[in-house]
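These notes concern the structure reproduced below.
What follows draws every value from the coordinates through simple rules; no lab data is involved. This one's a predicted model, so the numbers in the text were calculated from it and none came from an experiment. Note: ideal-geometry Cβ built from the backbone for every residue, glycine included; neighbour counts use all protein chains shown.
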Amino acid sequence: MLDINPILLLATFVVFLSLIAVLNSWLYNPLFSYMNKRDADIKKDLDKVGSNDDEINELNSKAESIIVNAKLDAAALREKVIADAKELADSKLEARRAELASEYLEFEKSLAKSKDELNSDLISQVPLFKEAVKAKFSQI
């Protein structure tokens, strides 16, 4: 039936052990070293990504601070420009008010002069009016 040949069994065992040794040195060890190297590379890349996140967060915070500073500078500049424009407008308005006040004083003076001239003309015309009124009353 089944015969067990010890030489064949020993030869099979030796071939099996040599196959394990050859596969270990040619296949398993390079495969394991490749997998370990790949795991190390993945871990290194993840660490880089983590440090990149820190750099990105740092750059974002710097960008936000720059934006905040720019907004503050813009607001200060806007306030300065508005203040300068108000000051210029106020100075022009005051100059125009002074000009109008002087024109008004000149107008009042000319009006007073005209009033005096009219008054003197009327006073000089009073005898003629009296004569005209007497002539009208005499006709009635």
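Can you check what the net charge comes to around S102, using other residues whose Cβ is under 14 Å from the Cβ of S102 (Lys, Arg +1; Asp, Glu -1)? Walk me through the numbers before you get to the answer.
Values: positive: R96, R97, K109; negative: E94, E99, E103, E106, E108.
For residues surrounding S102, the net value is -2.
For helix 29-139, report the angle its Cα long axis makes with the longest principal axis of the Cα atoms of the chain; keep it between 0 and 90° and round to the nearest 10°. Tilt of helix 29-139: around 0 degrees. Here the simple spin-label model places points 7 Å from the Cα toward Cβ, and for D3 and D84 these points are separated by 11.6 nm. If I fit a long axis through the Cα atoms of helix 6-23 and take the longest principal axis of the Cα atoms of the chain, what angle between them do I get, 0 to 90°, rounded to 10? With rounding to tens, the tilt is 20 degrees.
Model label points for I56 and L27, set 7 angstrom from Cα along the Cα-to-Cβ axis, are 4.2 nm apart.
Near K113, once Lys and Arg are set to +1 and Asp and Glu to -1 for all other residues with Cβ below 14 Å from its Cβ, the sum equals -3. Taking 0.36 nm per residue of sequence separation and removing the Cα-Cα distance, the L122/A63 pair yields an extension gain of 12.7 nm. Classify the stretch 5-73 as rounded, prolate or oblate, taking a ≥ b ≥ c as the square roots of the eigenvalues of its Cα gyration tensor: rounded when a/c is under 1.5, otherwise prolate if a/b is larger than b/c and oblate if not. Judged from the Cα gyration tensor, the stretch 5-73 comes out prolate (a/c at least 1.5, a/b above b/c). Each label was represented as a point 7 Å from its Cα along the Cα-to-Cβ direction; for V15 and K48 these points are 4.8 nm apart. Cα centroid separation, the stretch 4-31 to the stretch 126-140: 161 Å.
Calculated from DSSP H runs of 4 or more alone, at -39500 (n - 2.57) each and per residue, what is the 222 nm mean residue ellipticity of the chain, nearest 500?
Details: 2 runs with 129 residues, N = 140.
Mean residue ellipticity at 222 nm (helix-derived): -35000 deg cm²/dmol.
If you put +1 on each Lys and Arg Cβ and -1 on each Asp and Glu Cβ, how big is the dipole of the chain around its Cα centre, in Debye rounded to 20? Walk me through the numbers on the way to the answer.
On the way: 19 positive and 24 negative charges, 134 e Å.
Dipole of the chain, to the nearest 20 debye: 640 debye.
Dimensions of the stretch 29-128 based on its C-alpha atoms, expressed as ranges along the principal axes with the largest first, amount to 144, 15, 9 Å.
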